[in-house]
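**Student:** I'd like to ask some things about the structure below.
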Amino acid sequence: MDKREFHFGPGAATLMVVVVVVIMSIIALLTVLSVRSDVRLTERAAELYSLRREAQIAAEYDLARLDAAVCGVRAGAGDDGAYRGAVQAVLPDGYTLEGDIISWQTQAGDGGALDCAVRLEPLAGDHRLTWVRHRYTSGDQFDAE
Amino acid sequence: MNRRGNNVNALLVEILIAILLFSLCMTVVLGVFLKAHESSRNAEAMTDAMDAARSLLERLSASDDASALLAEGGFTSAEDGSVWTLADASGFVTQVRFTLEPLPSGTMHLTDVEVLKPGEAEPHTSLRAAHYEEVQ
């Protein structure tokens, strides 16, 4: 009967250790890379949100600047038509008046923009300006083809 | 017989050296795993803090009575009601500060939300919202 013996030859233990260490090192490296990606993604998300918040704050200051201009002509306007004309004349650069809607864009730090619009309320109204649109448009261009 | 004994000794020495080498390498590899775990936990804490601050800021922006909302949420305020603070179970401190900025035709209401990590001077997360209110 052919009986074969198992021999644990010289170098086998070292070879096994080397293989296990290499595998563990690769797993550790992949773990580190994965965690780094997670950290970068978290930081990027926080940065993007902060940039959009800054754009919203800038839009509120743009509204304040517009309101200061509107406020200056409101007292002297006789009727709504004259009021709109006077507002058109004093609109700061970058603002457009169409009907009773004043619109402008506030740039966000991430390349996008806030598309803003307010309604110019009639002289008889309680308010001068009312928000009607406050929409973020991404700066990233997506080509479907 | 003597030759077989030498072989066994050499094998034992090799196994001992292999165990030593394995232990040293595993010490380094486990250190890397621990560091990765720590980084992962920090990223998780940062995400949680950011989400909490963002959620709070959105709710404050949408609320008509920010003070009531904060009081309901367990925040305590300073005497003038401009600074509200909440310390959670994990030691993070959330601070809300209200500031009024007078402008030519109205007032800018500024709300700052800061999440402070225990033992750190710089805020972990800092967000700001603004709301313009015209004056008649």
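Readers should treat all values here as calculations from the given coordinates under stated rules, not as data from a laboratory. The model shown is predicted, which means the values in this text are computed figures rather than measured ones. Reconstructed Cβ throughout: ideal geometry from the backbone, glycine too, with neighbour counts over all protein chains shown.
**Student:** Restricting to region B:48-62, name every residue that is more than 11 Å from the chain's Cα centre (by Cα), away from chain A (no Cβ under 12 Å) and in contact (Cβ under 8 Å) with a residue 40 or more places away in the chain.
**Tutor:** Passing the criteria: B:56, B:60.
**Student:** Kindly indicate the residue of region B:1-47 that is among the polar types (S, T, N, Q) and more than 30 Å from the chain's Cα centre (by Cα) and also farthest from the other protein chains (Cβ to nearest Cβ) among those meeting that condition.
**Tutor:** B:2
**Student:** Working only within region A:41-60, note down all residues that are more than 9 Å from chain B (Cβ to nearest Cβ) and of a type in the set (D, E, K, R).
**Tutor:** A:44, A:47, A:52
Residues checked against (1) out of contact with any Asp or Glu (no Cβ under 6 Å at 6 or more places or on another chain); (2) surrounded by 13 or more Cβ atoms within 10 Å (Cβ to Cβ); (3) more than 30 Å from residue B:124 (Cβ to Cβ):
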residue	(1), (2), (3)
A:37	yes, no, no
A:60	yes, yes, no
A:71	yes, yes, yes
A:97	yes, yes, yes
A:106	no, yes, no
A:111	yes, no, no
A:114	yes, yes, no
A:129	no, yes, yes
A:134	yes, yes, no
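**Student:** For region B:108-136, how many residues are assigned to a strand (DSSP E or B) and away from every other protein chain (no Cβ under 12 Å)?
**Tutor:** Count: 2.
Yes/no per residue for (1) within 30 Å of residue B:104 (Cα to Cα); (2) in contact (Cβ under 8 Å) with a residue 40 or more places away in the chain; (3) touching a helix residue (DSSP H, G or I) at 6+ places or on another chain (Cβ under 9 Å); (4) not hydroxyl-bearing (Ser, Thr, Tyr):
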position	(1), (2), (3), (4)
A:6	no, no, no, yes
A:9	no, no, yes, yes
A:12	no, no, yes, yes
A:24	no, no, yes, yes
A:61	yes, no, no, no
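**Student:** Inspect all residues belonging to region A:5-18 and state whether any of them is closer than 30 Å to residue B:43 by Cα, in a helix (DSSP H, G or I) and within 11 Å of chain B (Cβ to nearest Cβ).
**Tutor:** Here is the first cut: in region A:5-18, the ones closer than 30 Å to residue B:43 by Cα are none.
No: zero hits.
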